[in-house]
Amino acid sequence: MTSSVIRVDDLSASYQKNKVLNDVSFEVKEGTITAIVGPNGAGKSTLIKTMLGLHPKLTGNVRFWGSPFKTAKKKIGYVPQRGSVDWDFPTDALDVVTMGLYGKIGWFRLPSKKDKEKAMNALKKMGMEAYAHRQISQLSGGQQQRVFLARALAQDAELYFMDEPLAGVDASTEKAIMTILKELKSNGKTVLVVHHDLQTVPEYFDHVLFLNKTVYAHGQTEEVFTTDNIARTYGGDMQWVGKGDQYVIQSSSH
Amino acid sequence: MTYTMWIILTASLVGLSCGLIGVYLILKKQAMMADAISHTVLLGIVLAYMVTQQLSGTAMLVGGIFAGILTAFLVQSLNNLKVQHDASLGIVFTTLFAIGVILISTSVGNVHLDVQHALMGEITFVPFTTMDIPLIGSVPKATAILALVLIVVIFFIIAFYKEWKITSFDPALAASIGIPVIFFHYLFMTLVSVTTVASFDAVGAILVVAMLITPAAAAYLWTDKLILMLFLSGGFGIISAVAGYWVATWLNTSISGSMALMTGCIFFITFLLSPKHGLISRWVRPAEVREEA
């Protein structure tokens with residue numbers, strides 16, 4: 001059975017006086033992996049943040065399993081952009097993963113041995129157990145991203161939001177992350193990923209949402225991932241080259 | 001206890017509480033917030049005096065908390081109105097401090113509350129104003145208040161250890177899993193304010209900044225573990241306080257100035273010797289290839 005996990009109605013938000021989201025409406029079904037694609041400044045990150053209440057919305061409504069975020073948040077995992085935190089913070093990889101569990105541990109309590117084990121298992125899944133006690137600044141970019149993914153896995157959520165998890169990572173990390181995403185999907189979890197690389201969309205994602213301040217197209221990848229939709233979303237100054245199911249997007253201004 | 005011992009104890013309490021709070025100022029990258037609050041608490045103290053007509057410790061603490069939260073709130077509000085964060089800080093704290101200075105000289109001129117004292121502190125006078133505490137006996141007022149503030153600071157650091165960690169490292173994740181990030185921001189600003197007010201008598205507004213920032217910044221260079229950073233920073237604070245007192249007696253100069261100088265010395269030694277970031281280890285070891293985020 002597939003039911004609606006997310007329902008967004010007429011969502012609008014502004015960022016520094018510019019309206020970056022305008023009447024965004026869409027629905028996401030359970031057990032799908034959706035890529036959110038669009039040009040720079042299209043409001044992809046803002047969309048995720050607004051849905052999670054991290055950014056104020058102007059109008060509209062967001063429901064998770066029919067409830068507001070507040071009552072659903074225990075079932076939602078969030079992977080922020082890697083660059084959003086200070087990797088010189090005095091802590092190690094295992095500790096960062098354990099942070100994913102803080103919401104469930106409760107007030108006035110420290111993580112238990114069981115919590116640490118859970119975190120360790122998540123690190124193992126990402127192939128990072130050897131780095132558990134490594135200071136986080138001594139990890140490579142790809143390893144840092146794996147730690148972030150492990151933290152989300154430890155949260156054991158039903159619905160995941162990931163902000164550019166594949167940006168600037170090495171090939172083996174990209175492979176590891178995609179294996180995990182497929183595993184999440186086969187376990188019936190729902191994943192939304194802000195994605196920048198159009199070439200890999202058909203291979204990695206079963207749904208795609210074209211966003212440029214508002215939704216240009218949304219649906220199953222094989223139906224909506226067309227050159228026409230890409231061109232409309234990315235605007236006139238983009239040239240695209242289609243080769244079979246490969247798309248290369250170039251900005252003519254670069 | 002002798003006169004000297006009271007002064008050293010008071011100074012150590014300042015060093016310890018500022019050192020602990022300072023760790024989170026450094027990690028949250030809000031070191032300059034300490035500078036702002038250390039100035040604006042003056043306004044809070046003056047207002048507290050104008051309301052209660054006396055210089056009691058409690059009124060000063062309440063006034064300081066008010067001023068600290070007002071500062072944090074105004075800085076945030078200006079920032080939301082697209083004024084750059086550092087600019088908002090500069091605007092808010094100079095304005096509030098100026099109001100405090102004007103009120104001191106116009107409304108409360110006849111009290112023992114002057115700008116010189118507020119900025120530099122005068123720890124040598126601390127042992128003269130005492131209060132009686134049951135079971136312990138006669139204790140300098142400033143020392144008693146500092147001890148109380150230290151207990152409060154340690155209590156909150158322990159009680160919300162994991163909340164401070166996650167809101168400092170990744171506020172977005174913290175908010176997404178339901179930790180009240182804004183509440184903790186203002187709670188933290190309250191702790192900075194009470195620590196500052198309590199340290200006021202001893203080291204004054206300007207030098208409290210040195211005690212808040214420098215030991216923690218040095219500790220940051222020594223360790224990769226938050227808990228160790230807290231111990232080191234607190235320890236550096238105490239060492240600076242004690243060493244500063246001895247240097248001041250030896251050279252017959254300002255005690256608070258010497259303490260601040262000692263924090264600087266500790267930082268300088270750290271800068272040379274620290275295992276990871278120190279100059280010497282950089283010469284000895286070849287530069288590591290590290291991917292920048």
Inter-part distance where the range A:62-76 and the range B:158-227 are each reduced to a Cα centre, Å: 31 Å
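Once you order the gyration tensor axes a ≥ b ≥ c over the Cα atoms, which shape class does the range B:3-206 get: rounded for a/c under 1.5, otherwise prolate or oblate by comparing a/b with b/c?
oblate
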Given 15 as the ceiling on other Cβ atoms within 10 Å, longest exposed-site-free region of chain B for trypsin sites (Lys or Arg not before Pro) in DSSP loops: B:83-224
Relative contact order %, the range A:1-134, counting alpha carbon pairs below 8 Å whose residues are six or more apart: 21 percent
Kyte-Doolittle at least -1.0, axis length at least 20 Å by Cα - qualifying DSSP helices, chain B: B:3-27, B:31-52, B:57-80, B:85-107, B:141-159, B:181-222, B:226-251, B:255-273
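How much net charge surrounds B:Ser274 when only other residues with a Cβ under 12 Å from its Cβ are counted (Lys, Arg +1; Asp, Glu -1)?
+1
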Beta bridge orientation in chain A: antiparallel %, DSSP, nearest 5: 60 percent
The range A:20-101: chymotrypsin sites (Phe, Trp or Tyr not before Pro) in DSSP coil with no more than 16 other Cβ atoms inside 10 Å: A:Trp65
Radius 14 Å from Cβ of B:Val92, net charge of other residues (Lys, Arg +1; Asp, Glu -1): -2
Neighbour net charge for A:Glu27 - beta-carbon separation under 14 angstrom, K R +1, D E -1: 0
Choice from A:Leu184, A:Leu139, A:Leu211 with maximal GNM fluctuation in chain A (Cα, 10 Å cutoff): A:Leu139
Gain on full stretching of the segment that runs from B:Thr124 to B:Tyr3 - 0.36 nm per residue minus C-alpha separation: 42.7 nm
Distance (nanometres) between label positions extended 7 Å along Cα→Cβ at A:Asp228 and B:Ile91: 5.0 nm
B:Lys276-A:Lys124 pseudo-label distance in nm [points 7 Å out on the Cα-to-Cβ vector]: 2.8 nm
Residue of A:Val85, A:Val191, A:Val97 that the Gaussian network model of chain A assigns the largest fluctuation, springs spanning Cα pairs under 10 Å: A:Val85
Relative contact order %, chain A, counting alpha carbon pairs below 8 Å whose residues are six or more apart: 24 percent
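Coordinate-derived values only; no laboratory data. Values in this document were obtained by computation on a predicted structure and should not be read as measured data. Glycine gets a Cβ as well: all are built from the backbone with ideal geometry, and neighbour counts include every protein chain shown.
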